[in-house]
Amino acid sequence: MKLFIDTGSVAEVEEIAAWGVLSGATTNPSLLAKEQDADPGESIRRICELVDGPVSGEVVSDNVRDMVAEGHALAGLDDRVVVKVPFGSEGLAATRELVSNGIPVNMTLVFSAAQALLTAEAGASYVSCFMGRLDDISIDSESVVGEIVDALGPDRDAQVLAASIRHPMHAVIAAKLGCEVATIPGKVLKQMLGHPLTESGITRFTDDWTSRPEFGEWLRGLVEQSTAASR
Ligand code: G3P
């Protein structure tokens, strides 16, 4: 499963892109609005450079004509931009038009398999289902996302994108269900790093190694040799 970062913060992408695990990013009007003094266009462009993969930018109008116009404008920011369109009849029509103009669409705010079927038929590249927001209203996001994956079938063109990820287990569940992508806030990506045995294991290895100072000498010598050899 590919990992995208879900943020409007260039600084957060800079930090986490360095890990080498990101394949893309998603923004939305709320995430971009959080970034004080940041120009949304510049943010989206910079995030495209940092992740070097698909970056979703969302239209905000509620009618086909303006959605399509905003979609073209957003797509013009960078070749890696994917236009995010909210689900609905206007959104479906706008998706069909944008896709027929060669612009990839990520349909967002999809909360059921029925909506996902319509989304796929409109030609969207991504179907974004919000796990956290489903759980917020006591609807089991695992069963909804599972139903979407099953309904779209194994030969689907539209990729199932798990969004509104609130904790590491949402990402694990999405992967086990067969989602192609999960878009994850920076905070949750950092939580995914943590495990007490990893931390204690590193401490033990370091303590045991430093208990033999001659080994440190040896390794430094080895590094110098290999560095000299590679020059
Ligand atoms: O970017 C879409 C989605 O991931 C936002 O979810 O519920 O955290 O606002 P939420």
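The values are calculated or read from the model by the stated rules, or taken from the named source; none is laboratory data. Bear in mind the structure is a predicted one, so any value in this text is a computation, not a measurement. Methodologically, a virtual Cβ is constructed for each residue, glycine included, from the backbone with ideal geometry; neighbour enumeration extends over all protein chains shown.
Structure above, values below:
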quantity	calculated
Selection count where residues are of a type in the set (Ser, Thr, Tyr) and outside any helix (DSSP H, G or I), scope the range 166-210	1
Residue in the range 27-35 that is part of a loop (DSSP other than H, G, I, E, B) and touching a strand residue (DSSP E or B) at 6+ places or on another chain (Cβ under 9 Å) present	yes
Output for the range 39-70, where each listed residue is of a type in the set (Gly, Ala, Ser) and either under 19 Å from Phe130 (Cβ atoms) or in contact with a Ser or Thr (Cβ under 9 Å, 6 or more places away or on another chain) (or both)	Ser43, Gly53, Ser56, Gly57, Ala69
Selected residue (criterion: farthest from the chain's Cα centre (by Cα)) from residues of the range 146-172 that are farther than 20 Å from Gly88 by Cβ and surrounded by 21 or more Cβ atoms within 10 Å (Cβ to Cβ)	Val149
Failed item in (1) away from the ligand (no atom under 16 Å from the Cβ); (2) crowded, with 23+ Cβ neighbours inside 10 Å; (3) within 21 Å of Lys2 (Cα to Cα), with Thr26 passing the rest	(1)
Filtered residue count, the range 152-183, keeping only those that are away from the ligand (no atom under 11 Å from the Cβ), of a type in the set (Gly, Ala, Ser) and touching a residue at least 12 places away in the same chain (Cβ under 8 Å)	5
Conditions (1) within 20 Å of His72 (Cα to Cα); (2) surrounded by fewer than 19 Cβ atoms within 10 Å (Cβ to Cβ): number failed by Val105	(2)
Candidate set: the range 119-141, residues that are away from the ligand (no atom under 16 Å from the Cβ) and touching a helix residue (DSSP H, G or I) at 6+ places or on another chain (Cβ under 6 Å); chosen: the one nearest to Ala162 (Cα to Cα)	Ala120
Selection count, the range 93-108, where residues are in contact with a Gly (Cβ under 8 Å, 6 or more places away or on another chain) and either within 16 Å of the ligand (Cβ to nearest atom) or modelled with pLDDT under 95 (or both)	2
Residue under evaluation Leu31, criteria (1) modelled with pLDDT of 95 or more; (2) away from the ligand (no atom under 14 Å from the Cβ); (3) surrounded by fewer than 20 Cβ atoms within 10 Å (Cβ to Cβ), criterion not met	(2)
Count - residues of the range 20-50 that are in contact with a helix residue (DSSP H, G or I) (Cβ under 9 Å, 6 or more places away or on another chain) and either β-branched (Val, Ile, Thr) or within 19 Å of Val172 (Cα to Cα) (or both)	8
Subset of the range 141-165 [in a loop (DSSP other than H, G, I, E, B) and of a type outside the set (Lys, Arg)]	Gly153, Pro154, Asp155, Asp157, Ala158, Ser164, Ile165
Strands (runs of 3 or more DSSP E) enclosed by the range 48-140 - at least 3 residues per element that are over 20 Å from Met1 (Cα atoms)	81-86
Enumeration of residues in the range 38-79 that are in contact (Cβ under 8 Å) with a residue 40 or more places away in the chain and surrounded by fewer than 21 Cβ atoms within 10 Å (Cβ to Cβ)	Leu50, Val51, Gly53
